[in-house]
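What follows is a set of notes on a single structure, which appears directly below.
Bear in mind that the values in this text are calculations on the coordinates, not laboratory data. These numbers come from a predicted model, not from an experiment. Note: ideal-geometry Cβ built from the backbone for every residue, glycine included; neighbour counts use all protein chains shown.
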Amino acid sequence: MVSRLGLSVSGMQVARLQGTPGIHGRAVAAVRRAVELGVDVIEVPLPSGPCADVVREALRVDSAVREAFIVAHLTAAVPDLSSVRLRLGGRTPDLLLADDHLLDDMAGWPLRLGAVVGPHSPQPVFRPLAALRGPYPARRRLVEWCERFEIPYLAPSPAILAAGRMTIALATPPGLREVEDQLGPGLPTPPAVGPG
């Protein structure tokens with residue numbers, strides 16, 4: 001099982017401040033600290049960008065990060081699974097999220113697939129899914145659909161934890177200080193459930 005609180009690396013400052021000295025190292029430290037605080041779901045946008053470099057480095061240097069449930073969020077088409085693994089330093093993600101038009105290309109991949117939906121997306125019935133990644137606030141019927149079929153709903157706000165037992169909040173702290181603020185002691189974490 002995984003916790004109901006995860007980390008989305010897409011919000012880290014490393015994406016906005018490329019070339020600034022020390023940003024990469026602080027971002028790696030932020031990922032490692034989030035795992036120390038109990039996060040065991042890490043979402044990383046792929047295929048390109050400095051966020052994947054941060055997760056790859058954190059996976060390389062920290063055994064606890066290597067044990068995390070890695071969610072690859074595809075933002076563009078990739079040729080094959082080996083290109084995803086390459087961006088993650090050889091690690092195969094536990095779940096691959098993508099828009100519907102990208103999922104069709106990955107139907108035969110030996111991975112659990114999840115769909116990325118928008119705030120006005122219809123109820124997803126197009127394929128078996130391992131998870132749904134959507135906005136917060138989420139449409140009630142979408143969360144209820146996920147609950148009924150026991151599919152985790154991942155969203156970018158700790159407030160999503162109140163939506164149901166299968167919801168996973170993907171916090172998006174921009175840096176190390178915000179990891180402490182958003183994920184530190186005092187944040188109520190409901191019992192563990194999730195895609196793992």
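For a test of the definition: using alpha carbon positions, the gyration tensor, and the 1.5 limit on a/c, classify region 5-183 as rounded, prolate or oblate.
Oblate, since a/c reaches 1.5 and b/c is not below a/b.
What FRET efficiency do you get for Ala159 and Ser63 if R0 is 22 Å and r is their Cβ-Cβ distance, rounded to the nearest 0.05?
0.10
Using the basic label-point model (7 angstrom from Cα toward the beta carbon), what is the Arg177 to Arg141 distance in nanometres?
For the pair Arg177/Arg141, the computed spacing is 4.4 nm.
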